[in-house]
1. So B:A24 passes all but one of these: (1) under 11 Å from the mean Cα position of the chain (by Cα); (2) over 21 Å from B:S67 (Cβ atoms). Which condition number does it fail?
2. Going by the conditions given, is A:V110 within 14 Å of chain B (Cβ to nearest Cβ), hydrophobic (A, V, I, L, M, F, W, C), part of a strand (DSSP E or B) and buried (at least 18 other Cβ atoms within 10 Å of the Cβ)?
3. All but one of (1) under 15 Å from the mean Cα position of the chain (by Cα); (2) closer than 30 Å to B:V50 by Cα; (3) buried (at least 16 other Cβ atoms within 10 Å of the Cβ); (4) in contact (Cβ under 8 Å) with a residue 24 or more places away in the chain hold for A:D49; state the number of the condition that does not hold.
4. Given the conditions (1) buried (at least 16 other Cβ atoms within 10 Å of the Cβ); (2) more than 13 Å from the chain's Cα centre (by Cα); (3) under 23 Å from A:A91 (Cα atoms); (4) among the charged types (D, E, K, R), report the number of the one that B:R36 does not fulfil.
5. Of the conditions (1) farther than 16 Å from B:T110 by Cα; (2) of a type in the set (A, V, I, L, M); (3) without any contact (Cβ under 8 Å) to a residue 24 or more places away in the chain, B:L45 clears all except one; give me its number.
6. Can you tell which of B:R111, B:R68 is within 14 Å of another protein chain (Cβ to nearest Cβ) and over 17 Å from A:K99 (Cβ atoms)?
7. Condition first: surrounded by 13 or more Cβ atoms within 10 Å (Cβ to Cβ) and in contact with a Gly (Cβ under 9 Å, 6 or more places away or on another chain). Can you find one or more residues in region A:56-71 that meet it?
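Throughout, read-outs are computed from the coordinates displayed, never taken from laboratory work. What you see is a predicted model, and the numbers here were worked out from it, not measured in a lab. Note that we place each Cβ from the backbone using ideal geometry, even for glycine, and neighbour counts take in every protein chain shown.
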Amino acid sequence: GESVGLHLPTLSVQEGDNSIINCAYSNSASDYFIWYKQESGKGPQFIIDIRSNMDKRQGQRVTVLLNKTVKHLSLQIAATQPGDSAVYFCAEKTGANSKLTFGKGITLSVRP
Amino acid sequence: NAGVTQTPKFRVLKTGQSMTLLCAQDMNHEYMYWYRQDPGMGLRLIHYSVGEGTTAKGEVPDGYNVSRLKKQNFLLGLESAAPSQTSVYFCASSLGDRGRLFEQYFGPGTRLTVT
């Protein structure tokens with residue numbers, strides 16, 4: 001079946017650098033994508049979302065890019081901070097009832 | 001405004017025992033969801049509800065039952081727990097399709113161990 005996945009299981013970056021977390025999706029009919037952050041022992045927390053009629057959306061220190069041609073989604077975090085260390089999930093809306101399909105997650109580790 | 005709350009936070013069960021996990025939300029959301037999270041597996045949808053009195057199966061519904069008697073509550077039941085149900089369980093809620101806002105708000109999770 002079709003699923004959302006991530007390229008790398010872990011990412012280590014230096015504090016202050018920019019981070020880029022990538023996600024590949026396979027369902028060309030998906031019309032909505034969302035990034036979540038999950039800190040240890042907590043539930044996932046919304047970061048940013050994007051609809052399929054857009055290719056870029058910016059938030060506070062974060063940018064999501066959507067490339068529908070190659071079915072690729074990325075999350076860019078500017079000036080990465082220690083508090084950004086967490087597991088990041090991408091998810092896509094796969095049809096009715098607002099159901100989301102989640103990727104397996106990638107761990108972001110920020111080096112001081 | 002507490003958002004989404006879950007009880008209990010931790011639980012240890014013996015094989016064959018039953019239990020109910022409670023999820024409550026105070027955001028007047030229509031849709032509610034139950035997920036399980038296992039290492040390396042991401043979040044998998046167990047059951048969901050699109051409104052009071054309605055429930056539907058998700059990706060991994062076997063061994064679980066749910067009820068949505070009140071709009072603010074969504075209960076997940078395990079009738080006969082098995083070690084394979086050892087996991088962290090998350091509840092989430094969302095406005096639903098009518099608002100064209102699909103963000104799901106998650107609770108803090110329940111860590112369940114079945115021995």
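1. Of the numbered conditions (1) under 11 Å from the mean Cα position of the chain (by Cα); (2) over 21 Å from B:S67 (Cβ atoms), the odd one out for B:A24 is (2).
2. Values: within 14 Å of chain B (Cβ to nearest Cβ): no; hydrophobic (A, V, I, L, M, F, W, C): yes; part of a strand (DSSP E or B): yes; buried (at least 18 other Cβ atoms within 10 Å of the Cβ): yes.
Criteria not met by A:V110.
3. Against the list (1) under 15 Å from the mean Cα position of the chain (by Cα); (2) closer than 30 Å to B:V50 by Cα; (3) buried (at least 16 other Cβ atoms within 10 Å of the Cβ); (4) in contact (Cβ under 8 Å) with a residue 24 or more places away in the chain, A:D49 comes up short only on (4).
4. The failed condition is (2).
5. The one condition B:L45 does not meet is (1).
6. Working: B:R68 fails: over 17 Å from A:K99 (Cβ atoms).
The unique qualifying residue is B:R111.
7. Taking every residue of region A:56-71 in turn, none turns out to be surrounded by 13 or more Cβ atoms within 10 Å (Cβ to Cβ) and in contact with a Gly (Cβ under 9 Å, 6 or more places away or on another chain).
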